[in-house]
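Below is one structure; the comments refer to it alone.
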Amino acid sequence: MIRTILSISLFFCSTLLFQTGTAFAAQAKGCTRATLQAAVDSYIAAQKAGDPSKMSLASSVKYVQNWMEIYKEEGLWNSPLPVAFHRSILDVDACRTFTTVIVTEGNQYVIGTRLKLEDGRIAEIESMYTTKRDWLFNADNYLKYSLALVNGKIRYIHTLTLTVPGIDPVVIMGRQPEQKPKSNPPAKAK
């Protein structure tokens, strides 16, 4: 019993040290919000132009599209797309980003792209996209609700929390409902 408790304690301590070490390593390699934002900006510029050379790429890059590893020349980033909207999440500790791209003109797409940086350069690009051929696809509505969310027109969104065993839960998206002030009931006339 004591060995089990000791083993579990040791496991959790090593996990914590690994996570802390990863955070320090990310900062030691120069991973900052500015570096991540620059990588996202280069990805968006490349996607708009259909020119992957606009991305700040590492010497060796892993390309994945819709769960399949592909060659650089085969990716959707080789097609110029009129990006109507994009939004990114920057994770300095992991030195990664996630970007949603919405294209509503021509061939419509909703694209989710994860970038992994090493030494300030993009080392992995993983994209997943949906288009008109996919079930329940509607880029126009996706754009409408994304813009409403950004402009504060959507007042209540259920909170989406990512939970991974051994790691603290991460709130992906969420806003609490606005509380209406409680009004006092009118006084009764005597």
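Worth pointing out:
- Yes/no for Gly174 being at pLDDT 60 or above and more than 27 Å from Asn66 (Cβ to Cβ): no
- Scanning region 78-105 for residues that are surrounded by fewer than 20 Cβ atoms within 10 Å (Cβ to Cβ), among the hydroxyl-bearing types (Ser, Thr, Tyr) and either in contact with a Gly (Cβ under 7 Å, 6 or more places away or on another chain) or in a strand (DSSP E or B) (or both) gives Ser79, Ser88, Thr100.
- Members of region 56-77 that are surrounded by fewer than 14 Cβ atoms within 10 Å (Cβ to Cβ), without any contact (Cβ under 8 Å) to a residue 24 or more places away in the chain, of a type outside the set (Asp, Glu) and closer than 16 Å to Met128 by Cβ: Met68
- Going through (1) over 20 Å from Ala34 (Cα atoms); (2) surrounded by fewer than 19 Cβ atoms within 10 Å (Cβ to Cβ); (3) of a type in the set (S, T, N, Q) one by one, Gln108 falls short only on (2).
- Exactly one residue out of Ser60, Ser53 is within 21 Å of Glu118 (Cα to Cα) and in a helix (DSSP H, G or I): that is Ser53.
- Any hit, region 122-131, residues being charged (D, E, K, R), closer than 20 Å to Val64 by Cα and assigned to a strand (DSSP E or B): yes
The values are calculated or read from the model by the stated rules, or taken from the named source; none is laboratory data. Note that the coordinates shown come from a computational prediction; the quantities given were computed from them, not determined experimentally. Don't worry about glycine lacking a Cβ; one is built from the backbone with ideal geometry, like all the others, and counts go over all protein chains shown.
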